[in-house]
Amino acid sequence: MRPYILAETNWKAVKETKFELAVLPWGATEAHNYHLPYGTDNFESDYLAAKSAGLAWDKGAKVIVLPTMPFGVNTGQSDIYLDINLNPSTQFAILCDIIEVLNRQEIFKLLIFNSHGGNNWKSMVRELGLKYPKMFICVSNWYQSLDKKKYFDEPGDHADEMETSLMLYLKPEFVLPKKDWGEGKEKKNKIKAFSEGWVWAERKWSQITEDTGIGNPKKATKEKGERFYKDVCLKMAKLFIEICKADLENLYE
Ligand SMILES: [Zn+2]
């Protein structure tokens, strides 16, 4: 029973604690190549947020991890069987309700612990920041917190070597045997400007990859997953501690 995980702790403990920072893991439910579970993003954020919060808690940070939101924005995967889409406007409404509670109860720091590339938070955070001026709302992408090249050989961004390694470490019982791993080959837009990153259109997922993956998972190992997991947690824990300690009236130097 971890006192920093809301789903596990209880009223007796919670009512005695003044929490500084709420962490909201937010994933997605979607196909991850042939071999990883639909809940991959949720398992990743569950484990990473909990471990990071534990490290921060041990150093005195009063952090509380909210239950992971299991559905994310999957507007580009509408034709992939059982990918469950939450429209951005629905996501905004849910986030707004959660912030309403935190604001009323004077937990003024919120970190959205994002685990899914299709969730875009900046415009929502801008609007909610205006609506709740006492709230400090920030967003992290754990998968961008470290230089992946130092941990993995193959690049990718969905069910790739990194995600497969993490799941081999965290939930090996839910990873199919290697013979079932697709190549995660990505087709690029014929218009070059899109690859250069300064023009954007939503990718029609079923047209850019055969197996739903982007990034070849074949060099994934449990050991790589463990090393990456532990380093991400250390970095995240440091962030949690810094946000807890931060004086919101005096953030800049
Ligand atoms: Zn994923």
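Just so it is clear, none of the values below were taken in a lab; they were calculated from the coordinates. What you are looking at is a predicted structure, and each value in this text was computed from that prediction instead of being measured. For neighbour counting, all protein chains shown are included, and Cβ atoms are generated from backbone atoms with ideal geometry for every residue, glycine included.
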Dipole of the range 49-174, positive end: most advanced residue of 162, 87, 53 [Cβ charges, Cα centre]: 53
HN-Hα J in Hz across the range 158-175 - Karplus 6.51, -1.76, 1.60, θ = phi - 60°, x for Gly and Pro: 7, 6, 8, 4, 5, 5, 5, 4, 4, 6, 5, 7, 7, 9, x, 5, 9, 10
Antiparallel %, DSSP beta bridges [both residues in the chain], to 5: 20
Fewest-first sequence of 14, 125 by Cβ atoms within 10 Å of each Cβ: 14, 125
Mean separation of Cα contacts under 8 Å, 6 or more apart, over the residue count of the chain: relative contact order %: 25
Within straight-line cross-link reach of residue 204, lysines at Cα separation under 28 Å, skipping those fewer than 8 residues along the same chain: 122, 148, 149, 178, 179, 185, 187, 188, 190, 192, 218, 219
Local electrostatic count at residue 116 - Lys and Arg +1, Asp and Glu -1, tallied over other residues with Cβ under 10 Å: -3
On Cα atoms only, tilt of 222-245 relative to the major axis of the chain in degrees: 30
Placed amide H near residue 69: partners under 5 Å, 5+ positions off or other chain: 26, 27
Derived scalar couplings ³J(HN,Hα) [the range 29-41; Karplus, 6.51 cos²θ - 1.76 cosθ + 1.60; whole Hz; x for Gly, Pro]: 10, 7, 4, 10, 6, 7, 10, 9, x, 4, x, 3, 4
Neighbour-count order for 2, 126, fewest beta carbons within 10 angstrom listed first: 126, 2
Between the range 192-214 and the range 11-26, the Cα center-to-center distance that results, in Å: 39
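Return 233, 244, 138 ranked ascending by Cβ neighbour count within 10 Å, so the fewest neighbours appear first. List each step's numbers first, then the result.
On the way: 233 22, 244 18, 138 14.
Ranking 233, 244, 138 by Cβ neighbours within 10 Å, fewest first, gives 138, 244, 233.
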